[in-house]
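First comes the structure, then the notes that go with it.
The values are calculated or read from the model by the stated rules, or taken from the named source; none is laboratory data. What you see is a predicted model, and the numbers here were worked out from it, not measured in a lab. Ideal geometry is used to build each Cβ from the backbone, glycine not excepted, and the neighbour counts take in all protein chains shown. In case anyone asks, the SASA skips ligands and DNA or RNA and just uses the protein heavy atoms, side chains included. Shrake-Rupley method; radii C 1.70, N 1.55, O 1.52, S 1.80 Å.
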Amino acid sequence: MWQKGLWYKEWRGIRWVVPLVFLVFLLAFFVGLVNESDAWNKSQAHYKSEDFQVEQELDPDFAMTKQEIRDDLTVRYLAYETKLSDKVDQYTYFFFSFTVSVPFTLTLVLAVILGMCSVILERYTRGNHFTAVMPYSKKAILGVKVLLGFAVITVSYFVSLGLGVWYFTSQVPAEFIDFHHQKLIMDVLGSWLAYLLLFLLPIVVGYVIGSPLGGILATAGLVLLPSTILTFVAHMEHFMNKGASGDLSYWSDFCRILEPLGFIRPAYGPLILQVGLLIGALIFAGIVAERESLETNGRLFVFQKMRAWGIGVTAILIGMLVANMVQDFVKLSGTAGFVGFLAIFGVSVMASVIVGIRFIYGKRF
């Protein structure tokens with residue numbers, strides 16, 4: 001697995017996307033933290049300005065105290081459940097965040113594209129035919145693909161985040177920084193694991209889906225699956241609790257394992273789930289990589305036994321998506337609305353199963 005020729009070959013397959021990955025991570029995290037520090041400096045400059053002092057003197061009854069100004073400048077990074085203060089009148093308006101919205105979204109997209117380049121794009125360009133004649137085992141090839149992608153994402157993520165944190169802490173005095181450390185550590189590690197999962201997912205899909213277009217669609221469906229399940233369960237909880245908020249927030253983080261910075265609570269259970277999924281996906285990829293062959297190029301399913309699983313998962317995903325969209329637009333309520341919501345879900349699942357059976361089993365792939 002450590003032969004230079006194999007590493008060079010795999011590097012050539014992804015070399016065009018690596019600079020893009022590094023760039024968008026810099027824009028998302030480093031530039032995001034630069035913007036945060038600039039915003040903090042503007043707030044501090046405002047409180048030191050003559051205009052603010054004039055405002056304080058003109059209306060003494062509503063003038064801010066020194067403690068209130070200090071609280072307003074204190075940088076917070078907290079869990080949702082963490083109380084800001086025991087004092088009711090404490091100002092805590094400046095919240096710490098990592099990202100710039102558009103580049104942050106691109107980090108998710110490029111992490112998936114990086115994984116697609118490793119297997120799915122290789123099938124499309126027939127590059128796997130060249131790989132097959134190379135004197136390397138299939139597990140060694142998979143190992144290099146995974147290690148190379150993990151290295152690109154890890155370096156891009158931690159370098160950009162590290163530079164951003166260094167710049168932020170150099171601009172904001174330490175006495176104004178008050179982080180919830182468990183939540184911060186959880187989000188940093190959880191985001192890193194989420195990026196690794198987003199990269200690994202299309203690799204696994206690429207070994208079980210022989211069609212490039214099918215692989216892309218299957219990857220998109222699996223990426224959307226956790227958030228779709230969470231939305232569907234939230235609608236169910238809304239019906240069963242008659243609009244009252246239930247305990248969904250206490251376990252919803254388990255459905256945010258593919259969302260960097262998506263966790264709400266400072267609990268390590270979702271991190272353990274992410275690690276378990278990474279290990280399970282690697283083991284599964286190793287098994288299917290050994291068994292797939294060049295003859296399956298272009299087939300929708302590399303392994304025919306997986307057709308039923310593919311139809312079932314796709315049908316459930318489509319059913320939840322349709323039910324969620326109807327509920328978001330129509331806002332069904334009451335017992336009749338709950339029955340209608342379940343009926344829409346059931347009909348969508350059954351229709352998807354029928355179409356899938358006719359499409360898969362009605363033709364030869």
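Across the protein chains, with a 1.4 Å probe defining accessible surface, the residues I354, I360, I113 rank I354, I113, I360 from largest area downward.
In angstrom, the C-alpha Rg and Dmax of the chain are 25.0, 82. Sequence-distant contacts, meaning Cα pairs under 8 Å at least 6 residues apart, place the relative contact order of the chain at 20 percent. In this structure Y77 has an accessible area near 20 Å², from a 1.4 Å probe over the protein heavy atoms. Ignoring the sites themselves, the chain has its longest run without trypsin sites (Lys or Arg not before Pro) in a DSSP loop having at most 14 other Cβ atoms within 10 Å at 127-241. If you sort the three axes of the alpha carbon gyration tensor as a ≥ b ≥ c, you get a/c of 1.5 or more for the range 137-234 and a/b no higher than b/c, which makes it oblate.
Give the ranking of W40, W309, W11, W16 by solvent-accessible surface, highest area first, calculated with a 1.4 Å probe.
The ranking, largest first, comes out as W309, W16, W11, W40.
Remark: the range 326-334, residue by residue, has Karplus-estimated 3J(HN,Hα) of 4, 5, 5, 8, 8, 6, 5, 8, x Hz, where x stands for each Gly or Pro and the curve is 6.51 cos²θ - 1.76 cosθ + 1.60 at θ = phi - 60°. When +1 charges are put on Lys and Arg Cβ atoms and -1 charges on Asp and Glu Cβ atoms, the dipole computed for the chain relative to its Cα centre reaches about 2760 debye. Ligands, DNA and RNA aside, L225 has an accessible area near 40 Å² when probed at 1.4 Å.
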